Amino acid sequence: MLKKKSKALCVPFSEAEQVRRYLKEEQILRMDMKLLKEESCIFFPIMKTQKELPDFPLVIRFFETRTEKVHCYKDLLKIPKKLEGELPTSFDIIGSIILLKLLENLFRYRKQIGQALLKTHPHIRTVCLVDPVAGEHRTRNTIVIAGENRTLTTHTEYGLSFQVDVASAYFSPRLATERKRIAAQVKKGEVVVDLFTGVAPFAIMIARFAKPKAVYAIDKNREAIDLARQNVKLNHVLDIVEVVHADAKDAGKILPVKADRIIMNLPFSAYNFFSMALSIAASECKVHYYDIIREEELEGRIISLQDIAKKQGYSLTQVQIHKIKSYAPREFYIGLDITATTHADVA
């Protein structure tokens, strides 16, 4: 069997599936080589890339080459040449479901595209056509275009499992690394409040990988909360995570304690809840604030948050910016790690 040398990521079995999906979606994984398994990890051969790599050891290994030709789903389609350049180059994979967005002029080929994706992704059972997330419950119009007629699936990341209904609850697989990053910052004994929890991935990640005193997971979407409760039980964090069905604006009436850390993952609308968030904050609080914003508007948004904090008796003593992903041309999904501290005369 012919073998070739390649750079590779050494990934523990518990995190291998999540990493494999990311490398494949970002077109970093070498598809001309077979994966290499050892006692405690899997080696993923990777191509040269400027994209960010998951934080695992980078090594050199020899891999068996694939004899069969690996097809991209586009190779299986029969559509007009002029439309080929408009086919999606990326999509979200949640569990065994692909979520796909199509331009209007490709809609007539949706079933053919769905079937091609099923053939080139053996672990996928359903392909859904989706609209952007909208509304106060953060849901999206979802149409099954290929495979099994279902929208409920089990998604895994970093050894955790999440029940997700892609039609009735918000979940982004692209935030897996961000969730792990936040969990790594949580200190022992903290009280954490996740204001827009969805199916509770942030809350559960923190409960499993940190040692908080308590995590309060709040959402007004009843379907999401039902799934969150299942996920808390599924991941064995019932003693740490309290799931609350409520509007985030009422958090101050519900919570029995002040928050040492607050998560505000509600792009486009988190700004409207920032004042309320500070009303439930401890005298020093870390706030993880997420927004979708144009780069030239970011400085103005931070100044506005500082003004809101001042009215609540807080200073934003530190604001760290993280560009998580592009959302549209010159528009980014960003995270702000904010340290909010009460003024001396207030404390």
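The values are calculated or read from the model by the stated rules, or taken from the named source; none is laboratory data. Since we're looking at a predicted model, the values are computed, not measured. Every residue, glycine among them, receives a Cβ derived from its backbone with ideal geometry; neighbour counts consider all protein chains shown.
Values as computed for the structure displayed
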quantity	calculated
Residues located in the range 281-340, provided they are under 21 Å from the mean Cα position of the chain (by Cα), of a type in the set (Phe, Trp, Tyr) and more than 18 Å from Thr177 (Cβ to Cβ)	none
Pair list, Cβ under 6 Å, 6 or more apart: the range 230-252 residue under 14 Å from Ser161 (Cβ atoms), other residue surrounded by fewer than 19 Cβ atoms within 10 Å (Cβ to Cβ) and of a type in the set (A, V, I, L, M)	Val232/Leu238
Residues located in the range 35-51, provided they are out of contact with any helix residue (DSSP H, G or I) (no Cβ under 8 Å at 6 or more places or on another chain) and either of a type outside the set (A, V, I, L, M) or more than 18 Å from Glu17 (Cβ to Cβ) (or both)	Lys37, Glu38, Glu39, Phe43, Pro45, Met47, Lys48, Thr49, Gln50, Lys51
Subset of the range 183-196 that is out of contact with any Pro (no Cβ under 8 Å at 6 or more places or on another chain) and surrounded by 23 or more Cβ atoms within 10 Å (Cβ to Cβ) - its residue that is nearest to Asp92 (Cα to Cα)	Phe196
Qualifying residue in the range 85-93 (condition: outside the structural domain of Ile324 (by TED's automatic domain parsing) and farther than 27 Å from Ala167 by Cα)	yes
Candidate set from the range 132-173 (those that are closer than 17 Å to Ile324 by Cβ and touching a strand residue (DSSP E or B) at 6+ places or on another chain (Cβ under 6 Å)); member that is surrounded by the fewest Cβ atoms within 10 Å (Cβ to Cβ)	Pro173
Test: Val244 is farther than 22 Å from Lys323 by Cβ, in contact with a strand residue (DSSP E or B) (Cβ under 6 Å, 6 or more places away or on another chain) and not aromatic (Phe, Trp, Tyr)	yes
Selection status of Ile93, over 17 Å from Glu25 (Cα atoms), touching a helix residue (DSSP H, G or I) at 6+ places or on another chain (Cβ under 6 Å) and of a type in the set (A, V, I, L, M)	no
Hey, Phe107 part of a strand (DSSP E or B) and modelled with pLDDT of 90 or more or not	no
Residue list for the range 197-211, filter: surrounded by fewer than 23 Cβ atoms within 10 Å (Cβ to Cβ) and part of a loop (DSSP other than H, G, I, E, B)	Ala210, Lys211
Residues satisfying the stated conditions in the range 293-347, i.e. out of contact with any His (no Cβ under 9 Å at 6 or more places or on another chain), among the hydrophobic types (A, V, I, L, M, F, W, C) and assigned to a strand (DSSP E or B)	Ile293, Leu316, Val319, Ile321, Ile324, Ala328, Phe332, Ala340
